[in-house]
Amino acid sequence: MLLPDLAVDASLSAHAAPLLLIDDLHFAYPDGRVALRGVRLRIARGEKVALVGPNGAGKSTLLLHLNGILRGKGRIEVAGMSVNDHTLPQVRARVGLVFQHPDDQLFSPTVFEDVAFGPLHMGLAADEVRARVERALAMVGMSAYQERHPYHLSTGEKKRIAIATVLAMEPDILAFDEPSAGLDPRARRGLIELLRGLPLTMLVSTHDMAMVQELFDRMVIMDEGRVVADGCVTALLADRALLEAHGLEMPWNK
Ligand SMILES: Nc1ncnc2c1ncn2[C@@H]1O[C@H](COP(=O)(O)OP(=O)(O)OP(=O)(O)O)[C@@H](O)[C@H]1O
Ligand SMILES: [Mg+2]
């Protein structure tokens, strides 16, 4: 019964407005290196999608387009809003992007100020900002770190603070670039449970295939600037030839 189901899904997704739509996105860095070659992706509200692929596939480049940090050629829509100069403030309030390297995200003298930065710039009242900072830090298990200097934290701690800066914005879409990289097993477990419990739409770039299997239903594989597969995690992870062709493997497949 695979075909009729697929046909129904295709007709639904053609009509329902996706929360995130990327159509024929191309991008080259200023030095001429082509990083995206016609990416197409639709994500519906509430979906949790893993984005995988080898080093250099274009995952980070794609995520940096979601809130307009990079601007390529093609169409990107967030909640029906096309990403452009006029919509950037609204888009950035809706898409919470956690960078691959936390040092790119943290710049204030204290953790509190870093996490408060986004909510303050949304024009929220001081009480609401404080409440959001406290909630976000509690979610990543870093409540005791408010007065610490972000630069004097370990990589895993910085990562969790970077995640808190985004959670404090209370976005609709979380775009995470390798959130579990550099985390110890307990922090990684905490992150997985956090992501599982968040009722948000997510696009999460990762090399952590065990996390993909545990947490996600849908997986998008990128290679050489294109989406080369997009489907159910169970089916794609069972396709050894596909994984091998794109430099992926399950940790226990030697
Ligand atoms: N600032 C830059 N200037 C020029 N080329 C870049 C720049 N950043 C990335 N690239 C190139 O763009 C391509 C895509 O890189 P990207 O960082 O998006 O890959 P990725 O899939 O995130 O890889 P990884 O798994 O290593 O994080 C690569 O060929 C990379 O060398
Ligand atoms: Mg990357």
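Observations
- Contact order relative to length of segment 46-175, as percent, for alpha carbon pairs under 8 angstrom and 6 or more apart: 30 percent
- Length-normalised contact order of the chain in % [C-alpha pairs under 8 Å, at least 6 apart]: 24 percent
- Altogether, the Stokes-Einstein calculation at 25 °C and 0.890 mPa s, with the Kirkwood radius of segment 17-245 over Cα pairs as Rh, returns a diffusion coefficient of 136 µm²/s.
- Calculated FRET value between Asp127 and Ala210, using beta carbons and R₀ = 41 Å, to 0.05: 0.50
- Within the listed set Asp184, Asp239, Asp103, the Gaussian network model of the chain (springs between alpha-carbon atoms below 10 Å) gives the highest mean-square fluctuation for Asp239.
- Additional length obtainable on full extension of the chain from Arg37 to Glu193, 0.36 nm per residue less Cα span: 52.7 nm
- Loop GluC sites (Glu not before Pro), segment 123-204, which have at most 15 other Cβ atoms in a 10 Å radius of their Cβ (DSSP): Glu147
- Accessible area in square angstrom per residue, the chain, 1.4 angstrom probe: 50 Å²
The values are calculated or read from the model by the stated rules, or taken from the named source; none is laboratory data. Keep in mind that what you see is a predicted model, and the values were worked out from it rather than measured. In this analysis, Cβ positions are derived from the backbone assuming ideal geometry, glycine residues included, and neighbour counts consider all displayed protein chains. In case anyone asks, the SASA skips ligands and DNA or RNA and just uses the protein heavy atoms, side chains included. Shrake-Rupley method; radii C 1.70, N 1.55, O 1.52, S 1.80 Å.
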